[in-house]
Amino acid sequence: MNIIQAVNDALRIEMERDPTMVILGEDVGKFGGVFRATQGLQEQFGEERVFDTPLAEAGIIGAAIGLALSGLRPVPEIQFADFIYPAFDHIVNEAAKMRYRSGGEFTCPITIRTPYGGGIRGGHYHSQSPEAYFIHTAGLKVVCPSDPYEAKGLLLASIRDENPVIFLEPKRVYRASRGEVPQEDFTIELGKASIAREGSDVTLIAYGSMMHTVLDAAEKAQAEDGISCQVVNLRTLMPFDVRTIVDSVQKTGRVVIVHEAPRSCGFGAELSATINEKALLYLEAPIYRVTGPDTPFPYTLEEEYLPSPKRIRKALRDSMSY
């Protein structure tokens, strides 16, 4: 499967298993979504369970919160992560705080699917990576798969979670990333990272579409620079797997963090602070970050904006030579 097929398969499995699950969003019904992630689901499950909405993100998420509080399990789609901001108040002030403000009496089990990031020449309104805004919000879980296997397993786990989840799908590799995916029902535990590549010299931390760039850089660093990289794939950004990160840092003593979102106050800063608090005495060099610059996402300079294997390898060499 590719990621689109894996997402579609996960949605189908859960709709068959749970009659309370509904899908809503812009063009998710007959059209199957702008990326075709919901294709065929309205035909199979009907217009009452897979339905189109107006072009109004605040309305989509507001309705989803109401549906969740009424006993349903909605999975709204925001067509691009860049469009999520009109619904920001609903997400951070209502969905994220519902369990807390009700003393646990009410939960808000919504999973907000949205494609994020660059790589498709979408310009600055179709390429943003807004994960840091939501990681900063208590009460939300933030999940970001990198391949089809993770997309299916993490999406099923997210939908079944009683907390609101922001599910960021890496549209850059929607169809480029292909892999073996079990056809049966399975989940991947939220909050658990994986070791995507074993190594001994430097810990490379990434998630989502950047995993493919990082693994490419790690292979070239090994072959051409003699640097052995251990690659940590976070999978879940909040809560993130502190134990796996610290264990890797204790092994290597060096860290390079990669994400395509802007650098200042990006998720890499929180990861760096956590490593300093938990594993400072194991570090042999400063923690390096390879990120997008602090600018709006460009159209013509997209490849210069996105972290590249070349930039990552420079950070690896700087870390090794420190």
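Considering only segment 277-291, how many residues are more than 14 Å from A315 (Cβ to Cβ) and either in contact with a Gly (Cβ under 9 Å, 6 or more places away or on another chain) or touching a residue at least 12 places away in the same chain (Cβ under 8 Å) (or both)? Write out each step before concluding.
If we filter segment 277-291 for residues that are more than 14 Å from A315 (Cβ to Cβ), which is where we start, we get 277-284.
Filter once more, so that each one left must be either in contact with a Gly (Cβ under 9 Å, 6 or more places away or on another chain) or touching a residue at least 12 places away in the same chain (Cβ under 8 Å) (or both): 278-279, 282-284.
Matching residues across segment 277-291 total 5.
Can you work out which of the residues in segment 14-47 that are out of contact with any helix residue (DSSP H, G or I) (no Cβ under 7 Å at 6 or more places or on another chain) and aliphatic (A, V, I, L, M) is modelled with the highest pLDDT? Only one residue fits best here, namely V28. Looking only at residues of segment 31-51 that are surrounded by fewer than 22 Cβ atoms within 10 Å (Cβ to Cβ) and either in the same structural domain as H212 (by TED's automatic domain parsing) or in contact with a strand residue (DSSP E or B) (Cβ under 7 Å, 6 or more places away or on another chain) (or both), we find that the one that is nearest to E150 (Cα to Cα) is F35.
Among what's in segment 212-247 and is under 16 Å from the mean Cα position of the chain (by Cα) and free of Cβ contacts under 8 Å to residues at least 60 places away in the same chain, pick the residue that is nearest to A138 (Cα to Cα). Before the answer, list the steps.
If we filter segment 212-247 for residues that are under 16 Å from the mean Cα position of the chain (by Cα), which is where we start, we get 212-214, 232-241.
Within this subset, residues satisfying the condition of being free of Cβ contacts under 8 Å to residues at least 60 places away in the same chain are 232, 240-241.
Details: V232: 24, F240: 13, D241: 16 Å.
Among them, the one singled out is F240.
Here F240 meets each of (1) touching a Gly at 6+ places or on another chain (Cβ under 9 Å); (2) over 24 Å from V165 (Cα atoms); (3) aromatic (F, W, Y) with one exception, condition (2). If you filter segment 1-30 down to residues that are assigned to a helix (DSSP H, G or I) and among the aliphatic types (A, V, I, L, M), you find that the one that is surrounded by the fewest Cβ atoms within 10 Å (Cβ to Cβ) is I13. In this entry, V165 passes the filter for residues that are closer than 21 Å to G33 by Cβ and either without any contact (Cβ under 8 Å) to a residue 60 or more places away in the chain or under 16 Å from the mean Cα position of the chain (by Cα) (or both). For segment 169-187, the condition of being of a type in the set (G, A, S) and over 30 Å from D225 (Cβ atoms) holds for none of the residues.
Taking A221, is it modelled with pLDDT of 95 or more and in a helix (DSSP H, G or I)?
Numbers: modelled with pLDDT of 95 or more: yes; in a helix (DSSP H, G or I): yes.
Yes.
From the list A315, A261, the one residue that fits, being free of Cβ contacts under 8 Å to residues at least 60 places away in the same chain and hydrophobic (A, V, I, L, M, F, W, C), is A315. For segment 36-50, indicate whether the set of residues that are part of a helix (DSSP H, G or I) and in contact (Cβ under 8 Å) with a residue 40 or more places away in the chain is non-empty. No, that holds for no residue.
For segment 195-218, enumerate the residues that are surrounded by 15 or more Cβ atoms within 10 Å (Cβ to Cβ) and outside any helix (DSSP H, G or I).
Of segment 195-218, the ones surrounded by 15 or more Cβ atoms within 10 Å (Cβ to Cβ) are 196-197, 199, 201-215, 217-218.
A196, R197, G199, D201, V202, T203, L204, I205, A206, Y207, G208, S209, listed by residue number.
Can you pull out every residue in segment 107-122 that is more than 15 Å from A95 (Cα to Cα) and of a type in the set (S, T, Y)? Spell out the reasoning first.
Quick first cut of segment 107-122, residues more than 15 Å from A95 (Cα to Cα) only: 114-122.
Within segment 107-122, T114, Y116 meet the criteria.
Name the helices (runs of 4 or more DSSP H) wholly inside segment 53-155 in which the number of residues that are out of contact with any Cys (no Cβ under 8 Å at 6 or more places or on another chain), touching a residue at least 24 places away in the same chain (Cβ under 8 Å) and aliphatic (A, V, I, L, M) is 3 or more. Of the helices (runs of 4 or more DSSP H) lying wholly inside segment 53-155, those with at least 3 residues that are out of contact with any Cys (no Cβ under 8 Å at 6 or more places or on another chain), touching a residue at least 24 places away in the same chain (Cβ under 8 Å) and aliphatic (A, V, I, L, M) span 57-69. Scanning segment 29-58 for residues that are touching a Leu at 6+ places or on another chain (Cβ under 8 Å) and closer than 19 Å to D82 by Cβ turns up A37, T53.
Let's see how each residue does on (1) modelled with pLDDT of 95 or more; (2) surrounded by fewer than 23 Cβ atoms within 10 Å (Cβ to Cβ); (3) in contact with a Leu (Cβ under 6 Å, 6 or more places away or on another chain):
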| residue | (1), (2), (3) |
| --- | --- |
| G104 | no, yes, no |
| S127 | yes, no, no |
| V143 | yes, no, yes |
| N163 | yes, yes, no |
| E180 | yes, yes, no |
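The values are calculated or read from the model by the stated rules, or taken from the named source; none is laboratory data. No experiment lies behind these values; they were computed from the predicted model shown. Glycine also receives a Cβ, built like all others from the backbone with ideal geometry; neighbour counts cover every protein chain displayed.
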